[in-house]
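Visitor: Here you go, one structure.
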There are 2 protein chains.
Amino acid sequence: MVRWQPGARERLQAAALERFAAQGFEGTTVAEIAATAGLTERTFFRYFADKREVLFAGQDEFERLFVDGIARAPDADPMGLVAAALEGATTFFAEERRPWSRARQVVIDADPGLQERELLKLSGLAAAMTRGLRHRGVDPIPAALAAESGVAVFRVAFGTWIAEGEERSLIDIQRAVLAELRTVVDGQPVG
Amino acid sequence: MVRWQPGARERLQAAALERFAAQGFEGTTVAEIAATAGLTERTFFRYFADKREVLFAGQDEFERLFVDGIARAPDADPMGLVAAALEGATTFFAEERRPWSRARQVVIDADPGLQERELLKLSGLAAAMTRGLRHRGVDPIPAALAAESGVAVFRVAFGTWIAEGEERSLIDIQRAVLAELRTVVDGQPVG
DNA sequence: GGCGTCATGTCAGCTGCTGACATCACTGTA
DNA sequence: TACAGTGATGTCAGCAGCTGACATGACGCC
């Protein structure tokens with residue numbers, strides 16, 4: 001007879017996603033999530049810094065893929081390094097992850113508080129990529145622009161990847177979106 | 001003898017910025033801000049949806065400048081429309097606004113919660129610009145990419161504008177950053 | 001002179017979140 | 001076998017953010 005069931009963290013995450021999907025983020029209390037997982041509110045806050053974080057924990061690896069991609073890419077211009085990072089990060093989003101990503105995104109898109117957290121995480125990703133580019137000798141402003149552009153490509157590609165009916169892999173979509181970005185920015189100014 | 005002093009909203013905003021600068025965002029309670037402004041906590045929440053919003057209210061006009069810039073620009077490619085929007089929006093940031101923007105940004109940069117709100121506002125700006133571009137006949141993905149790129153340019157330029165010792169106008173900085181973006185995305189080595 | 005309006009105040013209450021301390025199965029060791 | 005230490009969890013009290021319901025009172029209008 002064990003005192004605690006294992007996997008408390010995972011149980012809390014699963015319980016949270018399920019409850020949020022059923023009742024919305026604001027309509028779910030932390031005590032409720034914890035009870036669903038067979039734990040108490042206090043324990044929830046030992047695993048997650050706040051109520052929103054339960055949907056975002058574990059993205060450190062995701063960020064690391066981007067940064068490693070930049071560090072390991074062969075010498076190239078800034079956007080080439082970013083392209084390498086984008087390619088490397090797609091391993092995080094295997095096909096079997098798509099349904100889960102969809103469910104999670106539905107919950108996030110329904111709550112501004114969760115959108116804020118998602119944006120903060122992506123902003124942190126851009127900052128990390130900027131540091132990686134700086135480390136490869138890129139000047140500050142080009143580094144920031146390349147990193148922000150890379151994140152923009154990722155966001156648009158990811159949104160397409162989880163769109164209903166979409167079947168292409170994330171890596172294929174990303175390549176198409178990156179090409180589209182080059183075309184768009186290449187346009188001549190008018191006025 | 002009047003029952004209430006006028007300008008409750010502005011008094012609350014000024015009190016909040018002053019307290020946040022002095023004690024930090026988390027170190028300041030809403031009751032404290034309200035008391036500083038000669039009001040009660042309940043009244044604070046009648047003017048601002050939450051504690052963070054007191055630093056962000058009134059940016060509707062700012063967003064409108066961008067959207068109007070896109071709507072009124074002469075026909076051009078997507079990035080040309082975005083460039084027009086960027087130019088139009090700089091009127092919002094006149095020289096006399098620079099010290100205030102700096103003080104406000106110091107407070108925001110010191111608190112992740114405030115950064116989240118700022119990112120949400122910028123995300124809303126990108127969404128509005130995307131809609132404006134769609135209205136001008138731009139396809140969804142190019143519209144999103146051009147809008148996100150425009151916001152990235154604005155962010156980098158604004159950050160430079162409020163940097164210590166910087167004296168160029170925002171519009172000049174923005175033009176330089178936009179040019180830099182074209183170079184970076186074009187695949188030129190930088191740094 | 002009375003009456004409605006409306007910005008503000010008062011009060012009670014929920015929820016997110018935290019610090020301090022208790023519990024108790026499990027583990028290693030004498 | 002006894003027993004102290006460890007560590008995940010529970011209990012409890014409390015603060016701060018935020019909200020709904022209702023009260024107040026100066027002002028303008030008829």
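The values are calculated or read from the model by the stated rules, or taken from the named source; none is laboratory data. Keep in mind that this is a model prediction, so the values were computed, not measured. Quick reminder, even Gly has a Cβ in these numbers, built from the backbone with ideal geometry, and neighbours come from all protein chains shown. The accessibility values were calculated without ligands, DNA or RNA, using every heavy atom of the protein model including side chains. Shrake-Rupley method; radii C 1.70, N 1.55, O 1.52, S 1.80 Å.
Visitor: Output the 0 to 90 degree angle, nearest 10, between the alpha-carbon long axis of helix A:140-161 and the longest principal axis computed from the alpha carbons of chain A.
Guide: 60
Visitor: Now for a separate question. Quick one: if the Förster radius is 45 Å, what FRET efficiency do B:Glu96 and B:Ala31 give, using the C-beta to C-beta distance and rounding to 0.05?
Guide: Computed FRET efficiency for B:Glu96 and B:Ala31 comes out at 0.90.
Visitor: Within region A:146-191, which GluC sites (Glu not before Pro) sit in a loop by DSSP and count at most 16 neighbouring Cβ atoms inside 10 Å?
Guide: Qualifying residues, ordered by number: A:Glu164, A:Glu166, A:Glu167.
Visitor: In sequence order, what are the phi-derived ³J(HN,Hα) couplings for region B:113-120 according to the Karplus relation 6.51 cos²θ - 1.76 cosθ + 1.60 with θ = phi - 60°, rounded to whole Hz, with x for glycine and proline?
Guide: Using θ = phi - 60°, the values come out as x, 6, 4, 4, 5, 4, 5, 5 Hz.
Visitor: Which ³J(HN,Hα) values in Hz, rounded to whole numbers, follow from the phi angles of region B:167-175 under the Karplus curve 6.51 cos²θ - 1.76 cosθ + 1.60, where θ = phi - 60° and Gly and Pro get x?
Guide: 10, 5, 6, 4, 5, 5, 4, 4, 4
Visitor: Could you list which residues have their amide H under 5 Å from that of A:Phe93, counting only those 5 or more apart in sequence or on another chain, with H placed in the peptide plane?
Guide: Amide H neighbours of A:Phe93, under 5 Å, 5+ apart: none.
Visitor: Mind running the shape call on the protein assembly as shown? Use the C-alpha gyration tensor, a ≥ b ≥ c as the square roots of the eigenvalues: rounded below 1.5 for a/c, prolate if a/b tops b/c, oblate otherwise.
Guide: Oblate, since a/c reaches 1.5 and b/c is not below a/b.
Visitor: Given a Förster distance of 30 Å, report the FRET efficiency between B:Arg168 and B:Phe62 from their Cβ-Cβ distance, rounded to the nearest 0.05.
Guide: Computed FRET efficiency for B:Arg168 and B:Phe62 comes out at 0.90.
Visitor: Anyone know which of A:Ala152, A:Ala16, A:Ala35 comes out most mobile in the 10 Å Cα GNM of chain A?
Guide: For chain A, modelled as a Gaussian network with Cα springs under 10 Å, the answer is A:Ala35.
Visitor: When the accessible area of chain B is computed with all protein chains present and a 1.4 Å probe, what percentage of it is carbon and sulfur?
Guide: Percent of accessible area from carbon and sulfur atoms in chain B: 53.
Visitor: About its Cα centre, how strong a charge dipole does region A:48-191 have in debye, to the nearest 20, once Lys and Arg get +1 and Asp and Glu get -1 at the Cβ?
Guide: In debye, rounded to 20, region A:48-191 gives about 220.
Visitor: Total accessible area buried between chains B and A, 1.4 Å probe, in Å² to the nearest 100?
Guide: Chain pair B/A: roughly 3200 Å² of buried accessible area.
Visitor: For chain A, take the longest principal axis of its alpha carbons; what is the angle in degrees between that and the long axis of helix A:8-23, to the nearest 10 within 0 to 90?
Guide: 90
Visitor: Under the Karplus relation 6.51 cos²θ - 1.76 cosθ + 1.60, θ = phi - 60°, what is the ordered set of whole-Hz ³J(HN,Hα) values for region B:91-97, x standing for Gly and Pro?
Guide: Karplus values, whole Hz, x for Gly and Pro: 4, 5, 10, 5, 4, 5, 7.
Visitor: Select from region A:93-132 all residues whose loss of accessible area on going from the chain by itself to the full protein assembly reaches 50 Å² or more (probe 1.4 Å).
Guide: A:Glu116, A:Leu119, A:Leu120
Visitor: Relative contact order for chain A: what percent, with Cα pairs under 8 Å and sequence separation of 6 or more?
Guide: 18
Visitor: Mind checking which of B:Leu65, B:Phe158, B:Trp100 is farthest towards the positive end of region B:60-186's charge dipole, using Cβ charges of +1 (Lys, Arg) and -1 (Asp, Glu) about the Cα centre?
Guide: Value computed over the given set: B:Leu65.
Visitor: Magnitude of the Cβ-charge dipole of region B:141-191, K/R +1 and D/E -1, about the Cα centre, nearest 20 debye?
Guide: 160
Visitor: Sticking with this structure for a sec: For chain B, what does -39500 (n - 2.57) per DSSP helix run (n ≥ 4), summed and divided by total residues, give at 222 nm, in deg cm²/dmol to the nearest 500?
Guide: -22000 deg cm²/dmol
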